[in-house]
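Before any comments, here is the structure.
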Amino acid sequence: QVQLVESGGGLVQAGGSLRLSCAASGRTFSNYAMAWFRQAPGKEREFVAAISRIDSTYYADSVKGRFTISRDNAKNTVYLQMNSLKPEDTAVYYCAAKSSGSNSRYSSVYDYWGQGTQVTVSS
């Protein structure tokens, strides 16, 4: 069982930056692929970024060049650095983990989810 706890959300002006963190329990964190998804009001959950067990990264086109996903296996933590934020980035951001180490953009293959953290970008 893996528990995920997100932090770092908040209110920021357009053009600003935030860094989200996701702390994971368990001793096999390094074997997991990790990802960030987001869900805006009235919309479906969508893929944001993923990182495999070997640090291969994958981004949604909408955030490519602005967001960076990274992981620190010593701290059992995955990060999402978000720069040049836009109002359309406003959403609840969720961290997810999958026991197979390859990354994926499909939410159905992820085994564990955090509770989410709100990110609001004002114009």
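Laid out as a table, the results:
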item	result
Identity of the residue in region 32-52, buried (at least 19 other Cβ atoms within 10 Å of the Cβ) and not aliphatic (A, V, I, L, M), that ends up farthest from THR90 (Cα to Cα)	TYR32
Any hit, region 60-71, residues being crowded, with 18+ Cβ neighbours inside 10 Å, out of contact with any helix residue (DSSP H, G or I) (no Cβ under 7 Å at 6 or more places or on another chain) and of a type in the set (S, T, N, Q)	no
Unmet criterion (only one of (1) part of a strand (DSSP E or B); (2) out of contact with any Gly (no Cβ under 8 Å at 6 or more places or on another chain); (3) of a type outside the set (S, T, N, Q)) for VAL119	(2)
Search result, residues across region 84-107 that are open to solvent by 60 Å² or more (accessible area, probe 1.4 Å) and not hydroxyl-bearing (Ser, Thr, Tyr)	LYS86, GLU88, ARG105
Among the residues listed as SER100, SER30, the single one being in a loop (DSSP other than H, G, I, E, B) and in contact with a helix residue (DSSP H, G or I) (Cβ under 9 Å, 6 or more places away or on another chain)	SER100
Residue list for region 12-31, filter: within 17 Å of the chain's Cα centre (by Cα), at pLDDT 95 or above and open to solvent by 20 Å² or more (accessible area, probe 1.4 Å)	SER17, LEU18, ARG19, SER21, ALA23
Number of positions in region 33-53 that are over 9 Å from the mean Cα position of the chain (by Cα) and either among the small types (Gly, Ala, Ser) or modelled with pLDDT of 95 or more (or both)	10
Filter result (touching a helix residue (DSSP H, G or I) at 6+ places or on another chain (Cβ under 9 Å) and not in a strand (DSSP E or B)) within region 1-27	VAL2, ALA14
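The values are calculated or read from the model by the stated rules, or taken from the named source; none is laboratory data. As the structure is a prediction and not an experimental result, all values here were calculated from the model. Note that each Cβ is placed from the backbone with ideal geometry, even for glycine, and that neighbours are counted across all protein chains shown. Side chains included, ligands, DNA and RNA excluded: accessible areas come from the protein's heavy atoms. Shrake-Rupley method; radii C 1.70, N 1.55, O 1.52, S 1.80 Å.
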